[in-house]
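S.K.: Take this structure first; my questions come after.
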Amino acid sequence: MTTTNIPSPPPDFAGTQRFSIRPRERRTFHTVLDANKMLAQAVARGAMSEVTYSRDGDDVVVAMTHPISDGHLKEVVRLMPRGGGLVARSLSREVFDGAGVTVRNEQVPDFRHDELGLPQATYPEVALPFLLGWMPHDGQRRSVYAWINDRFIAKVYIEVDGRPSITVGGTTHETYEVIMYPDLNDWVHLGAVLTRLVKPFAPKYRMWYARQPPHRLVKFEGPYGPPGAPEVVIELAR
């Protein structure tokens with residue numbers, strides 16, 4: 001299966017969304033990173049996540065801010081048009097404490113796909129829930145590469161898993177339900193038969209997107225990052 005670049009967004013994609021964020025009730029992984037600990041203060045003070053979509057020249061910019069502990073995490077992804085789709089250009093990631101002091105700082109000013117040998121359809125994993133709504137919703141399985149860092153890039157599959165009506169914050173939304181899961185053959189060659197057998201047990205990320213353009217995220221459930229990252233539920237606020 002060939003990978004597919006995320007398409008360019010609809011003309012009216014720009015805008016800001018606010019989300020509630022909380023730990024996932026039932027964890028899929030039991031790792032050292034616990035969303036309950038990382039989000040306890042944020043949930044107690046009613047802090048919200050915020051995602052802003054904009055255009056800067058030809059680039060598409062997605063800025064994501066999430067509460068964490070007594071501070072917040074800010075990630076900005078820039079994507080450039082190429083071949084009818086989008087290619088990741090840069091990533092900025094900073095973590096701030098409650099006093100606004102930077103305690104983590106990661107900058108990727110240029111992904112340099114060609115020089116590093118990255119597939120064109122490689123995107124920061126944390127941005128995928130906010131980008132995949134622009135993929136076609138035709139029932140075909142597609143794949144992209146989730147970039148965690150230059151030493152950890154995982155192929156993931158994306159499928160539409162239904163068209164449910166869901167209620168979030170007292171409002172009912174007509175959605176596409178999309179699942180994303182890793183290609184386990186990236187780590188261990190299983191072959192076609194074993195791959196089909198283990199698929200039900202593969203860790204899955206679940207996303208619900210509005211059926212109406214620009215198909216913005218309504219709900220996300222899963223690790224915020226690679227498997228083993230803190231598991232959260234993000235829901236569109238009123």
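S.K.: For segment 93-127, what are the residues that are touching a Phe, Trp or Tyr at 6+ places or on another chain (Cβ under 8 Å), among the hydrophobic types (A, V, I, L, M, F, W, C) and open to solvent by less than 30 Å² (accessible area, probe 1.4 Å)?
M.R.: Phe111, Leu118, Ala121, Val126 - these are the residues of segment 93-127 that are touching a Phe, Trp or Tyr at 6+ places or on another chain (Cβ under 8 Å), among the hydrophobic types (A, V, I, L, M, F, W, C) and open to solvent by less than 30 Å² (accessible area, probe 1.4 Å).
S.K.: So, in segment 5-30, exactly how many residues are hydrophobic (A, V, I, L, M, F, W, C) and in a loop (DSSP other than H, G, I, E, B)?
M.R.: Residues flagged as hydrophobic (A, V, I, L, M, F, W, C) and in a loop (DSSP other than H, G, I, E, B) within segment 5-30 amount to 4.
S.K.: If I filter segment 127-146 for residues that are more than 22 Å from Val51 (Cβ to Cβ) and assigned to a strand (DSSP E or B), do I get at least one hit?
M.R.: Yes: one or more hits.
S.K.: Checking Thr65 against (1) in contact (Cβ under 8 Å) with a residue 24 or more places away in the chain; (2) closer than 16 Å to Ala127 by Cα: exactly one of these is not met. Which one?
M.R.: With (1) in contact (Cβ under 8 Å) with a residue 24 or more places away in the chain; (2) closer than 16 Å to Ala127 by Cα applied to Thr65, the lone miss is (1).
S.K.: Which count do you get for residues in segment 129-145 that are open to solvent by less than 60 Å² (accessible area, probe 1.4 Å) and without any contact (Cβ under 8 Å) to a residue 60 or more places away in the chain?
M.R.: 1
S.K.: Regarding Ala63, is this residue within 20 Å of the chain's Cα centre (by Cα), surrounded by 14 or more Cβ atoms within 10 Å (Cβ to Cβ), at pLDDT 85 or above and part of a loop (DSSP other than H, G, I, E, B)?
M.R.: no
S.K.: Of all residues in segment 146-185, count the ones that are in contact (Cβ under 8 Å) with a residue 24 or more places away in the chain, among the small types (Gly, Ala, Ser) and either open to solvent by less than 30 Å² (accessible area, probe 1.4 Å) or in contact with a His (Cβ under 9 Å, 6 or more places away or on another chain) (or both).
M.R.: 2
S.K.: Taking the stated definitions as given, is Gly85 of a type outside the set (A, V, I, L, M, F, W, C), on the phi < 0 side of the Ramachandran plot and touching a residue at least 60 places away in the same chain (Cβ under 8 Å)?
M.R.: Criteria met by Gly85.
S.K.: Here's a follow-up. Do we have Ser49 as within 17 Å of Glu235 (Cα to Cα), of a type in the set (Gly, Ala, Ser) and modelled with pLDDT of 95 or more here?
M.R.: yes
S.K.: Follow-up question, since we're still on this one. Please find, among Arg18, Arg22, the residue that is modelled with pLDDT of 95 or more, closer than 25 Å to Val95 by Cβ and open to solvent by 50 Å² or more (accessible area, probe 1.4 Å).
M.R.: Arg18
S.K.: Quick one: Leu79 ticks every box in (1) open to solvent by less than 60 Å² (accessible area, probe 1.4 Å); (2) within 18 Å of Phe220 (Cβ to Cβ); (3) in a strand (DSSP E or B); (4) of a type outside the set (Val, Ile, Thr) except a single one, so which number is it?
M.R.: (2)
Per-residue answers, yes or no, for (1) farther than 23 Å from Arg206 by Cα; (2) in contact with a strand residue (DSSP E or B) (Cβ under 6 Å, 6 or more places away or on another chain):
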site: Val32; (1), (2): no, no
site: Asn36; (1), (2): no, yes
site: Ser49; (1), (2): no, yes
site: His72; (1), (2): yes, yes
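S.K.: I've got another one for you. Could you list all residues from segment 25-41 that are farther than 16 Å from Pro227 by Cβ and open to solvent by 40 Å² or more (accessible area, probe 1.4 Å)?
M.R.: Glu25, Asn36, Lys37, Met38, Ala40, Gln41
The values are calculated or read from the model by the stated rules, or taken from the named source; none is laboratory data. From a predicted model like this one, the values you see are computed outputs, not experimental measurements. Every residue, glycine among them, receives a Cβ derived from its backbone with ideal geometry; neighbour counts consider all protein chains shown. Quick note on the areas: whole protein, heavy atoms, side chains included, nothing else; ligands and nucleic acids left out. Shrake-Rupley method; radii C 1.70, N 1.55, O 1.52, S 1.80 Å.
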